[in-house]
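**Q** What follows is a structure written as structure tokens; I'll ask about it next.
The values are calculated or read from the model by the stated rules, or taken from the named source; none is laboratory data. Values in this document were obtained by computation on a predicted structure and should not be read as measured data. All Cβ positions, glycine included, derive from the backbone under ideal geometry; neighbour counts span all protein chains shown. The protein model used for the area step is the full one, side chains on, heavy atoms only, and it has no ligands, DNA or RNA in it. Shrake-Rupley method; radii C 1.70, N 1.55, O 1.52, S 1.80 Å.
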Amino acid sequence: MEHVTDAQTLFIQAMDALQDDAYEEAMELLYAALDEMQNTPEPDRTFLATLHLVLGQVNADVDEIEQAREHLTIAHDLYRDLDDPVGRALVRLELGELAFWEEQYTVAQKHYQRVLELLDDGQELEAQAMALMRLGAIAFEEDEIELVRSYYERSLRLFEALGDMLSAAGVVIELANALQNETPAEAEALFQKGYTLAKEAGSNYLASLAAHGLGVLAANRGDWQQARDYYHQALDLKIMSGDYEGQIFTYLALGAAERELGNETEARRLWKRAVELARREGMEEIEDIAQALIRSEPIDWVGR
């Protein structure tokens, strides 16, 4: 039992390191714990599965994708041998995340669906909520709007039940984005709700997404004064949250609003700011778009 005890101690130390975002230290401790377990004649297979699961998560966090997938596959096999559906579901969620961020949506969808199949209604609500949220995002990619609504609404109910208002805000805003072309009035109400939830959760970043979305809806209906007000609100929040990429797109949109309101000098000033940030962030295509807007003539502008 000494080896197991040493391994568990190393594992606890690794968890503490992760709390401080010390990923390199955590990785060293986790692999040291794995070495201890591999030198144990009869290792605790449940703990070993957990160790591989966490190693998969941490490797994914540092973009070591193949190593992450290898550890997760081992964890899944261990949980399967242990007849542990909850463990398998947690691994499937992580495998789904790897596929989702690689835009392998068919593979990701299968993993997320399996998460829901493996878990009972009251088990691992956060994992179920995450799987439903991702399934909603995949449905949006496939233009399945009713499925988008169904998945996001189910995910939202679970996040609200968990008291996770930050995730709830994110789901509401994603649903609003998905519905803005189909049902703009509904999307507007959702953006307003998302903004309120985000502010309550202390997320200027998510609140900025909601404010920008409200600006887009106002622009789509030709209310450029209101669009400008929302874009200014979004920009202030993006600056506070340090979202430089988001600022670029809001400067572009804000410039368009000023253009439509007849403020040529202000429009060009805003687009120049977008150019500066895009250049700094290495976003060459966006920089080219902003430069083209600056070079454009008022006679070519919409509404002039």
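**Q** From the list Thr250, Thr265, which one is modelled with pLDDT under 95, part of a helix (DSSP H, G or I), among the hydroxyl-bearing types (Ser, Thr, Tyr) and farther than 28 Å from Gln113 by Cα?
**A** Working: Thr250 fails: modelled with pLDDT under 95.
Selected residue: Thr265, the only one of Thr250, Thr265 that is modelled with pLDDT under 95, part of a helix (DSSP H, G or I), among the hydroxyl-bearing types (Ser, Thr, Tyr) and farther than 28 Å from Gln113 by Cα.
**Q** Return the pair list, or none, for Cβ contacts closer than 7 Å from residues in the range 15-32 that are more than 20 Å from His71 (Cα to Cα) to residues that are open to solvent by 80 Å² or more (accessible area, probe 1.4 Å) and part of a loop (DSSP other than H, G, I, E, B), at least 6 apart or on different chains.
**A** none
**Q** A further question on this structure: Take the residues of the range 71-116 that are more than 19 Å from Glu144 (Cα to Cα) and among the aromatic types (Phe, Trp, Tyr): which is least open to solvent (accessible area, probe 1.4 Å)?
**A** Across the range 71-116, the extreme among qualifying residues is Tyr79.
Residue-wise test of (1) free of Cβ contacts under 8 Å to residues at least 60 places away in the same chain; (2) under 25 Å from Gln123 (Cα atoms); (3) open to solvent by less than 60 Å² (accessible area, probe 1.4 Å).
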residue: Glu160; (1), (2), (3): yes, yes, no
residue: Ala185; (1), (2), (3): yes, no, no
residue: Ala189; (1), (2), (3): yes, no, no
residue: Asn204; (1), (2), (3): yes, no, yes
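**Q** So, one more: Every residue in the range 49-70 that is within 24 Å of Leu125 (Cα to Cα), of a type outside the set (S, T, N, Q) and buried (at least 16 other Cβ atoms within 10 Å of the Cβ), please.
**A** Correct list: Ala49, Leu51, His52, Leu53, Val54, Leu55, Gly56, Val58, Ala60, Ala68, Arg69.
**Q** May I pose another question? So which pairs qualify, if the first residue must be in the range 35-48 and of a type in the set (D, E, K, R) and surrounded by 14 or more Cβ atoms within 10 Å (Cβ to Cβ), the second must be at pLDDT 90 or above and outside any loop (DSSP other than H, G, I, E, B), the Cβ gap must be under 7 Å, and the two must be at least 6 apart or on different chains?
**A** Matching pairs, first to second residue: Glu36/Leu10; Arg45/Leu78.
**Q** Out of the range 59-84, which residues are without any contact (Cβ under 8 Å) to a residue 12 or more places away in the chain and more than 17 Å from Leu98 (Cβ to Cβ)?
**A** Arg80, Asp83
**Q** Can you name the condition, by its number, that Ala127 falls short on among (1) open to solvent by 20 Å² or more (accessible area, probe 1.4 Å); (2) closer than 18 Å to Leu53 by Cα?
**A** Among (1) open to solvent by 20 Å² or more (accessible area, probe 1.4 Å); (2) closer than 18 Å to Leu53 by Cα, the lone unmet condition for Ala127 is (1).
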